[in-house]
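Structure record follows, encoded as structure tokens.
The values are calculated or read from the model by the stated rules, or taken from the named source; none is laboratory data. A quick note: this is a predicted structure, and the numbers were derived from the prediction, not measured. Virtual Cβ from ideal backbone geometry, glycine too; neighbours counted across all protein chains shown.
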Amino acid sequence: MPTIITHAIVPLAVAGVVGPSRISPRLALAGAVLAMLPDADVIGFKFGIEYADTWGHRGATHAVAFALLVAGGVSLVWKEARSFAAFLFLAFAMASHGLLDTLTDGGLGAALWWPFDNSRIFAPVTPIRVSPIGANFFSSRGVETLLSEIVWVWLPAATLTVLVLALRRPRRAQQQD
Ligand SMILES: [Zn+2]
């Protein structure tokens, strides 16, 4: 996995780009939580679930289908998420976790297409240094991981958000004239 905070950045950046009128801060926060949630699967190690098992680390919880399922559940029980747009945002937020994991350079890939295909997948390019499970961020390896995430996730997300917001501003100003 990239470090857990980095997963949260993706939906937060999307919410920033789309704007608070469409994605409320609370919905954005829920997206951030869902984006971090799949790695709760590491708890399986304590119960003897192997990395490569269906419910092992980067298994079913990292699948697109699982993200759709959880987002659907949240949309059902939470009024604020009861729109197709909110559902899509939450599903994207959670699915982005598995997608980011496929860009990392270690461990097993993510079971993106579970339950149809259990194979663990990597993207054709894997520029993100994998974060060791239970990483110590103050080790040189931890710093290396953070740096690669800053370059490959934080900077693009921040650049995109700033660009879109900058492009949007003149239009808003025009509307006020
Ligand atoms: Zn993960």
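Between a first residue in segment 96-108 that is within 10 Å of V130 (Cβ to Cβ) and assigned to a loop (DSSP other than H, G, I, E, B) and a second residue that is more than 10 Å from the ligand (Cβ to nearest atom) and polar (S, T, N, Q), which pairs have beta carbons less than 8 Å apart while being 6 or more apart in sequence or on different chains?
L103/T126; D105/T126
Yes or no: segment 45-55 includes at least one residue that is modelled with pLDDT of 95 or more, part of a helix (DSSP H, G or I) and surrounded by 14 or more Cβ atoms within 10 Å (Cβ to Cβ).
No, segment 45-55 contains no residue that is modelled with pLDDT of 95 or more, part of a helix (DSSP H, G or I) and surrounded by 14 or more Cβ atoms within 10 Å (Cβ to Cβ).
For segment 105-117, give me each residue that is within 16 Å of the ligand (Cβ to nearest atom) and out of contact with any Lys or Arg (no Cβ under 7 Å at 6 or more places or on another chain).
Selection gives G106, L112, W113, W114.
Restricting to segment 20-36, name every residue that is over 11 Å from L90 (Cβ atoms) and either crowded, with 20+ Cβ neighbours inside 10 Å or touching a residue at least 12 places away in the same chain (Cβ under 8 Å) (or both).
Once the filter is applied, which keeps residues that are over 11 Å from L90 (Cβ atoms) and either crowded, with 20+ Cβ neighbours inside 10 Å or touching a residue at least 12 places away in the same chain (Cβ under 8 Å) (or both), segment 20-36 yields R22, S24, R26, M36.
Quick check on segment 68-77. Is at least one of its residues touching a Pro at 6+ places or on another chain (Cβ under 9 Å), more than 16 Å from the ligand (Cβ to nearest atom) and over 19 Å from N118 (Cα atoms)?
no
Within segment 123-138, identify whether any single residue is crowded, with 17+ Cβ neighbours inside 10 Å, within 16 Å of the ligand (Cβ to nearest atom) and on the phi > 0 side of the Ramachandran plot, and answer yes or no.
Within segment 123-138, none of the residues are crowded, with 17+ Cβ neighbours inside 10 Å, within 16 Å of the ligand (Cβ to nearest atom) and on the phi > 0 side of the Ramachandran plot.
Do you know which of the residues in segment 1-35 that are within 16 Å of the ligand (Cβ to nearest atom) and outside any helix (DSSP H, G or I) is modelled with the highest pLDDT?
If we take residues in segment 1-35 being within 16 Å of the ligand (Cβ to nearest atom) and outside any helix (DSSP H, G or I), then T3 is modelled with the highest pLDDT.
Among the residues of segment 151-168, is any within 16 Å of the ligand (Cβ to nearest atom) and at pLDDT 85 or above?
Yes, because at least one residue in segment 151-168 is within 16 Å of the ligand (Cβ to nearest atom) and at pLDDT 85 or above.
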